[in-house]
1. If DNA, RNA and ligands are ignored and the probe is 1.4 Å, what is the ranking of Phe296, Phe530, Phe190 by accessible area, most exposed first?
2. Just the number please: accessible area per residue for the range 448-530, 1.4 Å probe, all protein chains included, in Å².
3. Quote the accessible area belonging to Val398 in square angstrom, nearest 10, computed with a 1.4 Å probe and with ligands, DNA and RNA left uncounted.
4. In whole angstrom, note down how far apart the Cα centers of the range 423-460 and the range 300-339 are.
5. Taking the inverse of the average 1/r across all pairs of different Cα atoms in the range 391-441, what Kirkwood radius in Å do you get?
6. In the structure shown, do any of Lys317/Lys413; Lys257/Lys463; Lys218/Lys523 have a Cα-Cα gap over 24 Å, and if so which?
7. Leaving ligands, DNA and RNA out of it, rank Leu469, Leu405, Leu358 by accessible area with a 1.4 Å probe, largest first.
8. Within the range 263-279, find all residues whose amide N lies under 17 Å from a label point positioned 7 Å from the Cα of Asn517 along Cα-to-beta-carbon.
Amino acid sequence: MAKSVAGAAFLIASRPRLLYSLPSISSALSSTLPRTSPIPSTSPSPSLVPFPLFSSKTQWRCFRIPTLCSQSPGPFSGFFATLRGFRKLRRRPAVKKQPPQEKQVELKVNICIEEQMPDDPEILSIAEMLRLNVPMAMKIALDGLKDSEYKTRDTSINDVAARKAEARGQILIDEIRMLMIHGLLHLLGFDDEISDEAEAEMEKEEELVLKSLGWKGKGLIKSARDVNVRQIQAGRSDGNAINETERAGSLRFYKPKFRYIFCNMDGTLLNSRSQISTENAEALREAISRGVNIVFATGKTRPAVISALKVVSLVGKGGVVSEVSPGIFLQGSLVYGRQGGEIFRRSLGQNICREAFLYSLEHEVPLIAFSQDRCLTLFEHPLVDSLHLDYHEPKAEVMPSVEHLLATADIQKLVFLDTVEGISSTLRPYFIKATEGWAGIVQAQPGMLEIVPAGISKGTGVKMLLDHLGIPAKEIMAIGDGENDVEMLQLASLAVALENGSDQAKAVADVIGESNNEHGVAKAIYQYAF
C-alpha cells in the first residue's frame, strides 16, 4: 500500500493530463493518513473535477477504466464536503442489507484526451479510436501484472518520493502527505502557476490544511523554494556540480519561467576545447525534463551541432537536437521550424563569393563556403582541417576552381581563417568596405571572419522561428557570448551573456553569467530558468 500511496500522491501533484474520481483517490490513501478528529462519514457522490490547467477552448473526451481498487469511502470524503464551506451532497438512499459476499475491487480512472487541434476528420477518427482502445489496453496491462514475474520492471514506486523526502529533510510519509495536499488543492481550483498572488494564496492554504490536520512540516511550495535556493548555492563559482540529491528533490512538474531557451554553441555551451561539459549536459536534460524547449542559434551547420551533442547523448529522441527539431544555423541564414522543416534560407550573391575566393587564392588565406550541410573550399590547409576536427563541421570538399565551386551550390556563409592579427588589421577592414550594402561582417571567434547575407543575424532567425511557432518573445531566455549574439540577446525576455563574452554582448545582457569554461550555461539555467 505504501507504494500505491506514493504513486497516487505523486501522480496527483505532478498533474498529468488525467482526471481522477475523488472518492477513489481518498480510498487509496485512507489506510496511511492519521486523523486528529472524527471525520464525517458522509461521502459525496463520485464526481469529476478537472485540473485547472487548460483554456476554455480545450475539449475533453473522457472514459472510465474498470479494474483493481477499493470503492469504499475514505476519510477525505467528508473532509471535502466541509472544507471551506463546500456544499454537502445528500446521502445515498439506504439499501437493504445483503448477505456477506466476496469483496469486489474496482479502479475508476477517467482518462481524457486533450484536443487543441483543428476539426479534422482524420484527427477526430484517431481520438475516437483512442477512446475505444485505451481502456481495453489499460485493463489488459493491469490484469497481466497480477501474477507476473518480470525481472526488469521497476516495482518500487515510492523510491521517487523517498528521494524527494531525503532532499527536503523529511520522512517519506510527510512527503506523501505534502504531495497529496498540493494535488488536491489543485483539484479544488488553486493554481500557483498563474501569478505570484496565486502562489501566495495556495501556499497559505497548504500550510492551513496541513496544520488543521495536525501534520508537521512545510507545504510543497515552500519546500520547493528551499530546495531551489540550495541548488543555486550548490552551483557555486568554484565549479562544483550541483548536489545530485538536491536535484532529485527538485519539482520537475513545476512550470519553468521560460518555454524556450535559445543558446549559442561556440564560446557558450561549448568550452574552449569545443566540448560540452557534463554539468552543461545535465542542465540541458533537467530543462527538457521540465518541459523547456532548447533551441540552438549558432553560426554552425546543423550536422556540426548534432555531432557535438552526440558525444553527451543529447541527440534524437529524448535529446535536444535532431534532424526534426527547430533551430537557427549559419548565423540566421538557415532556419528550421516544426519537424525540422526549412522555413527560411538566404544566400550570398555570387559576386561577393567570387571576390572573396579570388582574394583567398591571391593571398593564400583559407576560405570556407557553407552551403546548408556542406563545406566547400579551394585548397587544403591545416586551419581548414581544424574546422572539421576541432569544431565538428563537415569535412571541407576541395573544389577545382572558383567557377566550379559557385556552380555547385548556393552559399549561405563564408568564413576566412587567419591569425587574430591578420583578421583585425587586414581582412576585416578590407571586407567591411568591399561588402558594404551587399553583405554583413561577423566575428564570432578571434581567428575567424564571417561574411553573411545583408540584414541576416541570429536575432532575425529567432524572430522568424518565434513567429512560425506562435511563441511571444517574453517566453524565451537567451544565452550567448559573441557580437553575433547581440540581436538575439536584445530580443529575449531574459538575456544572459557569459563572462568570456564580447563587450557588445555584455552591454545588452540582463545578466552576466559564469564563463563557458565554468559551466556558465548550466548555472544560468538552474538560477534563472526555473
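1. Phe190, Phe530, Phe296
2. Using a 1.4 Å probe on heavy atoms only, each residue of the range 448-530 averages 33 Å².
3. Looks like 70 Å² after rounding.
4. If we compute the Cα centre of each part, the gap is 24 Å.
5. On the way: mean 1/r = 0.0753 Å⁻¹.
Averaging 1/r across every pair of different Cα atoms and inverting gives 13.3 Å.
6. Exceeds cut-off: Lys317/Lys413; Lys218/Lys523.
7. Leu358, Leu469, Leu405
8. Once the point is set 7 Å along Cα→Cβ of Asn517, 266-279 turn out to lie under 17 Å by backbone N, inside the range 263-279.
The values are calculated or read from the model by the stated rules, or taken from the named source; none is laboratory data. Please read all numbers here as calculations on a predicted model, not as lab measurements. Methodologically, a virtual Cβ is constructed for each residue, glycine included, from the backbone with ideal geometry; neighbour enumeration extends over all protein chains shown. Just the protein is used for accessible areas: all its heavy atoms, side chains included, with ligands, DNA and RNA removed. Shrake-Rupley method; radii C 1.70, N 1.55, O 1.52, S 1.80 Å.
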